[in-house]
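Asks: Here you go, one structure.
The values are calculated or read from the model by the stated rules, or taken from the named source; none is laboratory data. Because the structure is a prediction, the values reported are computed rather than measured. All Cβ positions, glycine included, derive from the backbone under ideal geometry; neighbour counts span all protein chains shown.
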Amino acid sequence: MKDLNIGLIGYGFMGRAHSNAYRKVNQFFKLGYRPVMKAACARDGAQITEFADNWGWESVETDWRKLIARPDIDAIDICSPNVTHHDIAIEAAKAGKMVLCEKPLAMNAAEGRAMVDAIEKAGVANMVWFNYRRVPAIALAKQIMDEGRIGRVFHYRAKYLQDWTISAKVPQGGATLWRLDIDVAGSGVTGDLLAHSIDTAIWLNGPVEAVTAMTETFIKEREVQGQPGTLKPVGIDDACAFLVRFRNGSIGTFESTRYARGRKNQNTFEVNGENGSVCFDLEDAHRLQYFDHGDVSHLHGWRDLLVTDSDHPYMGHWWVPGCVIGYEHTFIHAVADFLTGLETGVAVQPDFRCALQTQLICDSVLESARSGQWVKVPEA
Ligand SMILES: NC(=O)c1ccc[n+]([C@@H]2O[C@H](COP(=O)([O-])OP(=O)(O)OC[C@H]3O[C@@H](n4cnc5c(N)ncnc54)[C@H](O)[C@@H]3O)[C@@H](O)[C@H]2O)c1
């Protein structure tokens, strides 16, 4: 088995999710590579040392440029906020390192294009962590659609709803609330949440041709975190709804907000085809709803598939049928797929170019919201 030395940047939510994945992956998947947790990096030396001790990283750095320059690092894993992705990814590619980057790929498509150019010029292995492709029930939806079971698709309907920014007292910026600061996040729910819905949609239902959108910013000014009394205009989209024309002739609706009281992380989609439908809700992640019009008519009805059998995607690596797995496993699956790609030479998806396509759709959505016009989505 070959070692793959990882250098991870960022110790927040995703730093933890990825660390957990590197620790577990070889226990559950037979692979030709073993990720070695070589170094973790962040600006705050005390915090990153505590994080590294907790998760088992061998060393720490406080400057990502030094991390990239280290000859003992093979792959850079970017788990820091969106504004950092572009510079780190390009520098890592130039140094010949593999790059695994959190979503969204970049602040905008212009940055994303420069990143794709650098990665492809360097010819390094790469992946963007759109982890919902690795939910077994979503992968099963993909299998059902690829098998032609629901037939020609007419409708794609996605929602991604949260409720944590309703209070005007929530500040913006700083270490923990950078998602509300346009200068660090690039956009609001469009890049943060709808990027996930879009990645899933293009994976399941193919390319998007055009979009028309509206966005709203409900709270116009927020205090800057750590600077009591300093108000700054809110530049992000708090909510976004858009219509889509897919290349395959189907039409779609997408909605996202952080103002849906009671919804914590409701990521759903439903696809309606000529012969059947599939429906998924992340808050019930081990289930897939499936309707088959081919059933005898007196048995027509939605099937509630518990996606835990060993012949369901990924599930053969886990427990016995009926035992569910969770959110953190999607990251373990992503690492396993990335390492399998290194071994087989078949590049893992979504790679940077694929994630640029999602970024182009996000940019088109925001452009349409500004102009009030339909926008044709450019090719990545
Ligand atoms: N794949 C997913 O489902 C998923 C889920 C959450 C976040 N993400 C992505 O992962 C990345 C990190 O998000 P997170 O939730 O782990 O963040 P987090 O808020 O939990 O942690 C971010 C870390 O970055 C540091 N930081 C904050 N502002 C910074 C800045 N301006 N420059 C440099 N460092 C800064 C913070 O100190 C903190 O250590 C983002 O790109 C985000 O979109 C992806």
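Asks: What tally of residues in the range 336-354 results from selecting those that are modelled with pLDDT of 95 or more and either of a type in the set (A, V, I, L, M, F, W, C) or not in a helix (DSSP H, G or I) (or both)?
Replies: Total meeting the criteria: 12.
Asks: Could I ask something else about it? Picking from 235, 173, which residue would you name as being of a type in the set (Gly, Ala, Ser) and away from the ligand (no atom under 12 Å from the Cβ)?
Replies: 235
Asks: Would you check which residues across the range 285-309 are assigned to a loop (DSSP other than H, G, I, E, B) and in contact with a helix residue (DSSP H, G or I) (Cβ under 7 Å, 6 or more places away or on another chain) and list them?
Replies: The answer is 285, 286, 307, 308, 309.
Asks: Taking the range 266-301 only, how many residues are within 15 Å of residue 162 (Cα to Cα) and in contact with an Asp or Glu (Cβ under 7 Å, 6 or more places away or on another chain)?
Replies: Number satisfying all stated conditions: 2.
Asks: Enumerate the strands (runs of 3 or more DSSP E) found wholly within the range 150-237, keeping only those where 2 or more residues are closer than 23 Å to residue 262 by Cα.
Replies: Details: elements: 153-161, 208-216, 221-224, 227-233.
Qualifying strands (runs of 3 or more DSSP E): 153-161, 208-216.
Asks: Quick check on my filter: what residues within the range 238-250 are in a loop (DSSP other than H, G, I, E, B) and in contact (Cβ under 8 Å) with a residue 60 or more places away in the chain?
Replies: 238, 248, 249, 250
Asks: Looking at the range 102-116, I want the residues that are not assigned by TED's automatic domain parsing to the domain that holds residue 193 and at pLDDT below 95 and have a partner that is acidic (Asp, Glu) and within 16 Å of the ligand (Cβ to nearest atom) with Cβ atoms under 6 Å, at least 6 apart or on another chain. Which pairs are those?
Replies: none
Asks: Can you find a residue in the range 203-215 that is of a type in the set (Val, Ile, Thr), within 16 Å of the ligand (Cβ to nearest atom) and outside the structural domain of residue 106 (by TED's automatic domain parsing)?
Replies: Among the residues of the range 203-215, not one is of a type in the set (Val, Ile, Thr), within 16 Å of the ligand (Cβ to nearest atom) and outside the structural domain of residue 106 (by TED's automatic domain parsing), which makes the answer no.
Asks: Restricting to the range 240-256, name every residue that is surrounded by fewer than 20 Cβ atoms within 10 Å (Cβ to Cβ) and closer than 17 Å to residue 370 by Cβ.
Replies: 241, 243
Asks: Of the residues in the range 80-97, how many are outside any helix (DSSP H, G or I), more than 12 Å from residue 67 (Cβ to Cβ) and within 11 Å of the ligand (Cβ to nearest atom)?
Replies: Matching residues across the range 80-97 total 1.
Asks: Quick one: would you say residue 125 is within 16 Å of the ligand (Cβ to nearest atom), buried (at least 19 other Cβ atoms within 10 Å of the Cβ) and of a type in the set (A, V, I, L, M, F, W, C)?
Replies: Spelling it out, it is not the case that residue 125 is within 16 Å of the ligand (Cβ to nearest atom), buried (at least 19 other Cβ atoms within 10 Å of the Cβ) and of a type in the set (A, V, I, L, M, F, W, C).
Asks: Away from the ligand (no atom under 11 Å from the Cβ) and of a type outside the set (Ser, Thr, Tyr): does that describe residue 161?
Replies: yes
Asks: For the range 29-47, enumerate the residues that are within 15 Å of the ligand (Cβ to nearest atom) and surrounded by 19 or more Cβ atoms within 10 Å (Cβ to Cβ). Working first, answer last.
Replies: From the range 29-47, those within 15 Å of the ligand (Cβ to nearest atom) are 40-47; that's our starting set.
Listed by number, the residues that qualify are 40, 41, 42.
Asks: Follow-up. Given the residues 105, 100, which is the only one that is under 30 Å from residue 63 (Cβ atoms) and assigned to a loop (DSSP other than H, G, I, E, B)?
Replies: Just a single option satisfies the conditions, and that option is 105.
Asks: Can you find a residue in the range 128-135 that is farther than 27 Å from residue 17 by Cα and among the hydrophobic types (A, V, I, L, M, F, W, C)?
Replies: Checked against the condition, which is being farther than 27 Å from residue 17 by Cα and among the hydrophobic types (A, V, I, L, M, F, W, C), the range 128-135 yields no hits at all.
Asks: Pairs needed: first member in the range 70-84, under 17 Å from residue 130 (Cβ atoms) and not assigned by TED's automatic domain parsing to the domain that holds residue 95; second member anywhere, among the small types (Gly, Ala, Ser) and modelled with pLDDT under 95; C-beta distance under 7 Å; at least 6 residues apart or different chains.
Replies: Between residues of the range 70-84 that are under 17 Å from residue 130 (Cβ atoms) and not assigned by TED's automatic domain parsing to the domain that holds residue 95 and residues that are among the small types (Gly, Ala, Ser) and modelled with pLDDT under 95, there is no close pair.
Asks: Only one of 26, 20, 54, 5 is within 13 Å of the ligand (Cβ to nearest atom), polar (S, T, N, Q), surrounded by fewer than 22 Cβ atoms within 10 Å (Cβ to Cβ) and more than 17 Å from residue 85 (Cβ to Cβ). Can you tell me which?
Replies: Numbers: 26 fails: within 13 Å of the ligand (Cβ to nearest atom); 54 fails: within 13 Å of the ligand (Cβ to nearest atom); 5 fails: within 13 Å of the ligand (Cβ to nearest atom).
Matching residue, one of 26, 20, 54, 5: 20.
Asks: With part of a helix (DSSP H, G or I) and touching a helix residue (DSSP H, G or I) at 6+ places or on another chain (Cβ under 6 Å) as the only criterion, which of 312, 333 stands out?
Replies: Residue meeting the stated conditions: 333.
Asks: Considering (1) part of a strand (DSSP E or B); (2) on the phi > 0 side of the Ramachandran plot, say which one residue 270 fails and leave the rest.
Replies: Single failed check for residue 270: (2).
Asks: Condition (residue is free of Cβ contacts under 8 Å to residues at least 12 places away in the same chain, under 21 Å from the mean Cα position of the chain (by Cα) and exposed (fewer than 15 other Cβ atoms within 10 Å of the Cβ)) applied to the range 336-346: is it met by at least one residue?
Replies: Checked against the condition, which is being free of Cβ contacts under 8 Å to residues at least 12 places away in the same chain, under 21 Å from the mean Cα position of the chain (by Cα) and exposed (fewer than 15 other Cβ atoms within 10 Å of the Cβ), the range 336-346 yields at least one hit.
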